[in-house]
Amino acid sequence: MELTDSDLIARVLLNDDHHAFGELVKQHQSAVRATLRKLSGGDEVLADELAQETFLRAYRSLRTFRGTAKFSTWLYRIAYNAFQTHVRRARPHELFEEDRHAPAQPPQIEAVDWQLDLEAALRMLTVNERSAITLCYTSGLTQEEAARVLQCPLGTVKTNILTAKDKLRRYLLPWKDRRLT
Amino acid sequence: MSEQHDNDWLEDALHHDEPYIDDAGFSARVVAALPRRRGLRWARLLIINGAGIMGLLIAWYVAPLQGWLIESLTQLLRARSLADIPLVPVVLIVLCLWPLWGLLRTVIDWRSLLNDLIGRH
């Protein structure tokens, strides 16, 4: 019988059970790492470092998880915070609100590997647009959940998604009539 | 229809299943990096509270105040108003109950005790 997130969390809190926490990591690692890969523009090494940091932070603050949201949503919030901290440290000049780092050149879209092309196109977006698109599509959150994770108004998430989709539609045009594999 | 397709193709593409990322030792690395378990917590509790009780017992036999203490405790038990309550025995009772409560907690925390004794994670 597979244990639920709640069972595993209870074991970690009651017995400081590392094995139970390991099971939680196994169940959520793919989703968290995929989200961080998208947020970091396809940088797998950075994404895995941030994912490890995410789970360590989650372990340290597990007692603050109240169960009002899904455990995965809570993890995404921590993952996004870790990513945000990284961006602020690595590129302090790059403001989240402004489109300062968007390159003038459109991405090279080969229309061979959807994931690679999507990552290339995502790199063209601002951090806020990329975060909104990633959380709502890669992580499968609702726009309301994404707004809670990003700690911004729902309207901002909706605007960022609309702008991001406009840009992605242009960048990924070669994929328009192709079937994804 | 064409306009609808213009809007939907990206939506469909973005909903394309995200490939599963193989664990490949990631979970093991996270678990290895976790802070050390609160190992032998029961032993710590036992040592600290046991030492407290031992100290009180030694003080009881060594200090030449037994008669006075018994008298104070009797006074405490017979006290009918707050003004009659002697302060020193109250403090002593609290001092005695504290390690006893600690020992009780150690016993209550039997799961941690069992885990440590059988070396299970």
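Restricting the range A:45-67 to residues that are at the interface with another protein chain (Cβ under 9 Å from one of its Cβ atoms) and free of Cβ contacts under 8 Å to residues at least 24 places away in the same chain, the residue that is farthest from B:Leu34 (Cα to Cα) is A:Asp48. Among the residues of the range A:70-107, the ones that are under 19 Å from A:Thr134 (Cα atoms), modelled with pLDDT of 60 or more and of a type in the set (A, V, I, L, M) come to 5 in all.
Here A:Glu144 passes the criteria (1) in a helix (DSSP H, G or I); (2) modelled with pLDDT of 90 or more; (3) within 15 Å of A:Leu39 (Cβ to Cβ) except the one numbered (3).
If you scan the range A:118-128, which residues turn out to be assigned to a helix (DSSP H, G or I), more than 13 Å from chain B (Cβ to nearest Cβ) and either of a type in the set (Ser, Thr, Tyr) or out of contact with any Pro (no Cβ under 9 Å at 6 or more places or on another chain) (or both)?
Of all residues in the range A:118-128, those assigned to a helix (DSSP H, G or I) come to A:118-122, A:127-128.
Still in the running and more than 13 Å from chain B (Cβ to nearest Cβ): A:120, A:127-128.
The answer is A:Val127, A:Asn128.
Right, A:Leu56: touching a Pro at 6+ places or on another chain (Cβ under 9 Å) and hydrophobic (A, V, I, L, M, F, W, C) or not? Yes, satisfied. Suppose the filter is at pLDDT below 75 and within 14 Å of another protein chain (Cβ to nearest Cβ); does B:Arg29 pass it? Here the answer is no, as B:Arg29 does not meet what is asked. When the range B:71-119 is limited to residues that are within 15 Å of B:Ala43 (Cβ to Cβ) and among the charged types (D, E, K, R), the one that is modelled with the highest pLDDT turns out to be B:Arg105.
The values are calculated or read from the model by the stated rules, or taken from the named source; none is laboratory data. Because the structure is predicted, anything quoted here is derived from the model rather than measured. Neighbour counts run over all protein chains shown; Cβ positions are idealised from the backbone, glycine included.
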